[in-house]
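**Q** One structure, as structure tokens, below. Some questions next.
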Amino acid sequence: MRKSDGPVVHTRELRKRYPRGVDALAGVDLDISAGEVRALLGPNGAGKTTLVRILTTLLPPTSGIATVNGWDVATEGDEVRASVGVAGQYAALDGLLTGLENLHLIAKLRGMRWKAARRAAQEMLARFRLEAKANQQVSTYSGGTRRRLDLAAALIGGPPVVILDEPTTGLDPESRLDVWESIADLTAAGTTVLLTTQYLEEADRLADQVTVVDHGRVVAEGTTDELKSASGLTRLVLRLADGYSLDTAAAVVAATTGTTPTVEARLRRISATTVDGPAALAVLLSSVDGRAIAEVGVQRPTLDDVFLRLTARREVPA
Ligand SMILES: Nc1ncnc2c1ncn2[C@@H]1O[C@H](COP(=O)(O)OP(=O)(O)OP(=O)(O)O)[C@@H](O)[C@H]1O
Ligand SMILES: [Mg+2]
């Protein structure tokens with residue numbers, strides 16, 4: 001159910017100031033088109049949950065515009081809620097009901113008839129390996145199990161937009177794969193997905209586009225490839241021959257790149273992020289005994305390098 005064409009999620013100059021708090025959102029412009037999977041990536045406190053809560057009408061913005069499917073979150077909350085599936089760090093499940101009852105209820109709220117809703121609930125329980133818990137009260141679920149039910153609730157009935165706040169945080173590896181598969185299925189079916197994550201791998205794997213937020217602002221946007229290129233960073237990698245000191249070589253790499261290198265002792269590998277890989281490589285080759293070098297090269301930065309650089313939580317050279 002859409003009010004208008006145009007971006008499915010749209011914000012302009014969106015701001016949120018909590019009472020006696022900082023600006024959790026300090027002017028966010030975001031446009032997500034139909035069928036897109038967008039990852040919102042940012043460190044703790046960046047404003048991800050605040051944005052999700054505003055888009056899902058759980059929280060009013062202080063100022064600015066936010067629409068979902070063309071509906072304004074401030075004045076058309078009912079329409080927004082009817083057109084979005086949400087799972088979040090603040091799950092809206094009823095602990096006194098069983099898993100099956102919760103899903104059945106939500107499917108009916110999304111407009112499905114009794115029988116179809118029941119069938120959909122059972123399908124979702126199977127998809128998220130929750131059948132064994134189907135008839136237990138949700139208040140008795142473990143954290144990870146509750147999370148999977150929360151996701152099932154977000155996806156049931158096939159809402160056209162799905163907003164997920166850290167969908168895989170706290171899940172074991174197998175459950176994480178289940179969630180990734182479900183999101184991939186949604187994408188294939190044309191659902192628009194906005195998900196927040198602190199896992200770069202997850203953003204890389206699932207999203208078409210990544211929006212990096214920090215201190216309530218968008219600090220970068222693009223495909224992961226574009227973010228890597230735009231960062232200008234490279235990664236210098238050196239593998240040391242046997243018999244040569246890792247510490248000595250690491251000190252040379254540190255002096256060359258101006259950062260603290262990563263040392264993987266077992267692999268005898270030293271790597272460091274740098275803005276000018278080829279120049280650093282030339283310096284390195286002139287200052288290390290050639291026999292000590294088993295392998296050396298310049299690689300593309302990892303998404304971690306890019307993220308740390310953008311959000312400046314750790315020192316990376318300017
Ligand atoms: N209810 C609140 N009252 C006051 N300040 C708040 C409230 N909720 C969040 N904040 C502050 O707003 C900022 C953004 O918080 P938010 O929860 O949106 O970040 P986040 O990106 O979701 O972080 P995390 O990765 O830890 O989930 C933080 O500085 C936080 O302390
Ligand atoms: Mg959060």
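**Q** Could you please let me know if THR262 is more than 29 Å from ALA87 (Cβ to Cβ) and touching a Ser or Thr at 6+ places or on another chain (Cβ under 6 Å)? Full working, then the answer.
**A** Details: more than 29 Å from ALA87 (Cβ to Cβ): yes; touching a Ser or Thr at 6+ places or on another chain (Cβ under 6 Å): yes.
Here the answer is yes, as THR262 does meet what is asked.
**Q** I would also like to ask the following. Within segment 25-55, track down each residue that is more than 13 Å from ligand 1 (Cβ to nearest atom) and of a type in the set (Val, Ile, Thr).
**A** ILE32, VAL37 - these are the residues of segment 25-55 that are more than 13 Å from ligand 1 (Cβ to nearest atom) and of a type in the set (Val, Ile, Thr).
**Q** Quick one: is LEU51 at pLDDT 95 or above, within 16 Å of ligand 2 (Cβ to nearest atom) and among the hydrophobic types (A, V, I, L, M, F, W, C)?
**A** yes
**Q** Looking only at segment 22-50, filter to residues that are closer than 19 Å to GLY222 by Cα and acidic (Asp, Glu); which one of those is surrounded by the most Cβ atoms within 10 Å (Cβ to Cβ)?
**A** Selected residue: GLU36.
**Q** What is the number of the single condition among (1) within 16 Å of ligand 2 (Cβ to nearest atom); (2) not in a strand (DSSP E or B) that ALA24 does not meet?
**A** Failing condition for ALA24: (2).
**Q** If I filter segment 10-18 for residues that are open to solvent by 10 Å² or more (accessible area, probe 1.4 Å), away from ligand 1 (no atom under 16 Å from the Cβ), among the charged types (D, E, K, R) and within 24 Å of THR223 (Cβ to Cβ), do I get at least one hit? Steps first, answer last, please.
**A** Restricting attention to segment 10-18, the residues satisfying the condition of being open to solvent by 10 Å² or more (accessible area, probe 1.4 Å) are 10, 12-13, 15-18.
Filter once more, so that each one left must be away from ligand 1 (no atom under 16 Å from the Cβ): 10, 12-13.
Narrowing further to those that are among the charged types (D, E, K, R): 12-13.
If we keep only those that are within 24 Å of THR223 (Cβ to Cβ) too, we end up with 12.
Yes - at least one qualifying residue is present in segment 10-18.
**Q** Right, another one. If I ask for residues that are in a helix (DSSP H, G or I) and out of contact with any helix residue (DSSP H, G or I) (no Cβ under 8 Å at 6 or more places or on another chain), which ones from segment 148-175 would you list? Give the steps one after another, and end with the answer.
**A** At the first step, the residues of segment 148-175 found to be in a helix (DSSP H, G or I) are 148-155, 173-175.
Listed by number, the residues that qualify are ASP150, ALA154, PRO173, GLU174.
**Q** Still on this model: Please work out which one of (1) farther than 30 Å from ARG217 by Cα; (2) charged (D, E, K, R); (3) within 29 Å of the chain's Cα centre (by Cα) is the condition ARG266 fails and give its number.
**A** Of the numbered conditions (1) farther than 30 Å from ARG217 by Cα; (2) charged (D, E, K, R); (3) within 29 Å of the chain's Cα centre (by Cα), the odd one out for ARG266 is (3).
Conditions tested, residue by residue: (1) away from ligand 1 (no atom under 16 Å from the Cβ); (2) at pLDDT below 90; (3) outside the structural domain of ALA189 (by TED's automatic domain parsing).
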| site | (1), (2), (3) |
| --- | --- |
| VAL84 | yes, yes, no |
| ASP94 | yes, yes, no |
| LEU100 | yes, no, no |
| ILE106 | yes, yes, no |
| VAL138 | yes, no, no |
| SER142 | yes, yes, no |
| ASP150 | no, yes, no |
| PRO159 | yes, yes, no |
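**Q** A follow-up question, please. Within segment 33-46, does at least one residue satisfy the condition of being in the same structural domain as THR140 (by TED's automatic domain parsing), closer than 30 Å to ALA134 by Cα, at pLDDT below 95 and within 13 Å of ligand 2 (Cβ to nearest atom)? Walk me through it before giving the result.
**A** Step one: filter segment 33-46 for residues in the same structural domain as THR140 (by TED's automatic domain parsing), giving 33-46.
Restricting the remaining residues to those that are closer than 30 Å to ALA134 by Cα gives 37.
With at pLDDT below 95 added as a condition, the list becomes 37.
Now restrict to residues that are within 13 Å of ligand 2 (Cβ to nearest atom): none.
No: zero hits.
**Q** Shifting gears a bit: So, ALA66, is that one small (Gly, Ala, Ser), assigned by TED's automatic domain parsing to the domain that holds VAL162, crowded, with 20+ Cβ neighbours inside 10 Å and closer than 24 Å to PRO160 by Cα or not?
**A** Spelling it out, ALA66 is indeed small (Gly, Ala, Ser), assigned by TED's automatic domain parsing to the domain that holds VAL162, crowded, with 20+ Cβ neighbours inside 10 Å and closer than 24 Å to PRO160 by Cα.
**Q** Say we look at segment 103-159 and pick out the residues that are basic (Lys, Arg) and touching a residue at least 12 places away in the same chain (Cβ under 8 Å); which of these is nearest to VAL52 (Cα to Cα)?
**A** ARG147
**Q** Out of the strands (runs of 3 or more DSSP E) lying entirely within segment 182-273, which hold 2 or more residues that are open to solvent by 40 Å² or more (accessible area, probe 1.4 Å)?
**A** Here the list reads 217-222, 262-264.
The values are calculated or read from the model by the stated rules, or taken from the named source; none is laboratory data. Note that the structure is predicted; figures quoted are calculated from it, not measured. Neighbour counts run over all protein chains shown; Cβ positions are idealised from the backbone, glycine included. Please note that ligands, DNA and RNA were not included when accessible areas were found on the heavy atoms of the full protein model with its side chains. Shrake-Rupley method; radii C 1.70, N 1.55, O 1.52, S 1.80 Å.
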